[in-house]
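*Asks:* Here it is: the structure, laid out below.
The numbers here are math on the coordinates, done by the rules we state, and not lab data. Because the structure is a prediction, the values reported are computed rather than measured. Neighbour counts are summed over all protein chains in view; Cβ atoms, including those assigned to glycine, are modelled from backbone coordinates with ideal geometry.
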2 protein chains.
Amino acid sequence: MHIKNINDCPLKPVEMAGVQGATMAMMCGKEHGAPNFSMRQFKVEPGGFTPRHSHDYEHEVFIVEGGGTVFLEGKENPVRAGDVILVPPNEEHQFKADAAKGLRFLCLVPGMRNCGDPTPGS
Amino acid sequence: MHIKNINDCPLKPVEMAGVQGATMAMMCGKEHGAPNFSMRQFKVEPGGFTPRHSHDYEHEVFIVEGGGTVFLEGKENPVRAGDVILVPPNEEHQFKADAAKGLRFLCLVPGMRNCGDPTPGS
């Protein structure tokens, strides 16, 4: 049975160009038997950020705690605990953590693109 | 742009046989442009529960606040804020809210089964 608390998971550094102070843990993915989509946890330290990039699959995001901004549709938009955000496919995006509180969120991705090709990070 | 807080959404009663005191809101689904999977919010009042049932698609669940139990693999398992739960396809399941605190969770479902048939509730 797969029941796992977000506070009990080791987080690993996100190693991508353009990232600062971000760690992640796969909470529910293929390795746990998830058939179609994957839930990852991200923690971004105060003042840190995820890479500004785009890709051909979507994100569904839930802000668990803290706050900051998401760059989407060409501008910075404030985000806070309890927000749900859709990052559509091919949309440039970046999450930045508040300088005081940091940012913790869930980010879900589809497991497959076009009913066949694996999605990176799923 | 789709940014929506879980506290700003009207919740509608879940009208299914075997449910008590549960409401839900679609947070991110097809109507918002989600291509592959849908995020719903559920609130279950203290002592309430979702139906005990099974279906041929999975859930990925995140407990936002409160606590209670999930019936899974034939037994009641405690759940608390921060827990991530995979309910595999065809697995009988039911969420019950703590008698004092109630239970609030996100429940995600795939949009399609078999790369074609729509999933109920997605």
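*Asks:* Considering the options B:Gly68, B:Leu11, B:Cys115, tell which one lies farthest towards the positive end of the dipole of chain B, charges being +1 on Lys and Arg and -1 on Asp and Glu at the Cβ, about the Cα centre.
*Replies:* Checking the options against the dipole of chain B, the answer is B:Leu11.
*Asks:* Also: To one decimal in nm, how far is A:Glu91 from the same spot in the other copies, if labels go 7 Å from Cα toward Cβ? Please give the shortest first.
*Replies:* The projected label point of A:Glu91 is separated from its counterparts by 3.1 nm.
*Asks:* Could I ask something else about it? Can you list residues from other chains, or at least 5 along the same chain, whose modelled amide H is less than 5 Å from the amide H of B:Gly111?
*Replies:* HN-HN under 5 Å from B:Gly111: B:Phe37, B:Ser38.
*Asks:* Would you mind estimating how fast the protein assembly as shown diffuses translationally, via Stokes-Einstein at 25 °C and 0.890 mPa s with the Kirkwood radius over Cα pairs, in µm²/s?
*Replies:* 135
*Asks:* Quick one: dipole size for chain B, taken about the Cα centre, charges +1 on Lys/Arg Cβ and -1 on Asp/Glu Cβ, in debye to the nearest 20. Mind dumping the intermediate values first?
*Replies:* Details: 12 positive and 15 negative charges, 60 e Å.
Computed about the Cα centre, the dipole is about 280 debye.
*Asks:* What does the average come to when, for each residue of peptide A:59-67, you count the partner chain Cβ atoms lying within 10 Å of its Cβ?
*Replies:* Average neighbour count from other chains, rounded to a whole number: 4.
*Asks:* Cα gyration tensor of the range B:25-77, axes a ≥ b ≥ c as square roots of the eigenvalues: rounded (a/c below 1.5), prolate (a/b > b/c) or oblate?
*Replies:* Working: a/c = 2.50, a/b = 1.52, b/c = 1.64.
Oblate shape, in that a/c is at least 1.5 and b/c is the bigger or equal ratio.
*Asks:* Between B:His2 and residues 5 or more places away or on another chain, which pairs have amide H atoms under 5 Å apart, with H built 1.01 Å from N, and which residues are they?
*Replies:* A:Leu86
*Asks:* From the label point of B:His32, set 7 Å along Cα to the beta carbon, how far off in nm is each other copy's matching point, shortest first?
*Replies:* 2.0
*Asks:* Charges only on Cβ, +1 for Lys and Arg, -1 for Asp and Glu: so what's the dipole of the protein assembly as shown about the Cα centre, in debye to the nearest 20?
*Replies:* Numbers: 24 positive and 30 negative charges, 83 e Å.
Magnitude of the dipole: close to 400 debye.
*Asks:* Provide the descending list of Cα extents for the range A:19-122 along its principal axes, expressed in whole angstroms.
*Replies:* Here the Cα extents, ordered largest to smallest, are 41, 28, 23 Å.
*Asks:* Please average, across the residues of B:106-112, the number of beta carbons from any other chain that are within 10 Å of each residue's own beta carbon, and give a whole number. Before the final figure, lay out the partial values.
*Replies:* On the way: counts 6, 0, 9, 2, 6, 3, 2.
The per-residue average across the peptide is 4.
*Asks:* What gaps in nm, shortest first, separate B:Cys115 from its twins in the other copies when you place the label 7 Å past Cα toward the beta carbon?
*Replies:* Ordered by distance, the counterparts are at 0.5 nm.
*Asks:* Report, in debye and to the nearest 20, how large the dipole of the range B:1-61 comes out about its Cα centre when Lys and Arg carry +1 and Asp and Glu carry -1 on their Cβ.
*Replies:* 120
*Asks:* Please work through chain B and write down the cysteines that have no neighbouring cysteine Cβ at a distance under 4.7 Å.
*Replies:* Cys with no partner Cβ under 4.7 Å: B:Cys9, B:Cys28, B:Cys107.
*Asks:* For peptide A:80-93, what's the mean number of Cβ atoms from other chains within 10 Å of each residue's Cβ?
*Replies:* 5
*Asks:* Too long at a 30 Å Cα-Cα cut-off: which of A:Lys101/B:Lys96; A:Lys96/B:Lys101; B:Lys30/B:Lys101; A:Lys43/B:Lys75; A:Lys30/B:Lys30? Walk me through the numbers on the way to the answer.
*Replies:* Details: A:Lys101/B:Lys96 33 Å; A:Lys96/B:Lys101 33 Å; B:Lys30/B:Lys101 32 Å; A:Lys43/B:Lys75 33 Å; A:Lys30/B:Lys30 23 Å.
Among A:Lys101/B:Lys96; A:Lys96/B:Lys101; B:Lys30/B:Lys101; A:Lys43/B:Lys75; A:Lys30/B:Lys30, the Cα-Cα distance tops 30 Å for A:Lys101/B:Lys96; A:Lys96/B:Lys101; B:Lys30/B:Lys101; A:Lys43/B:Lys75.
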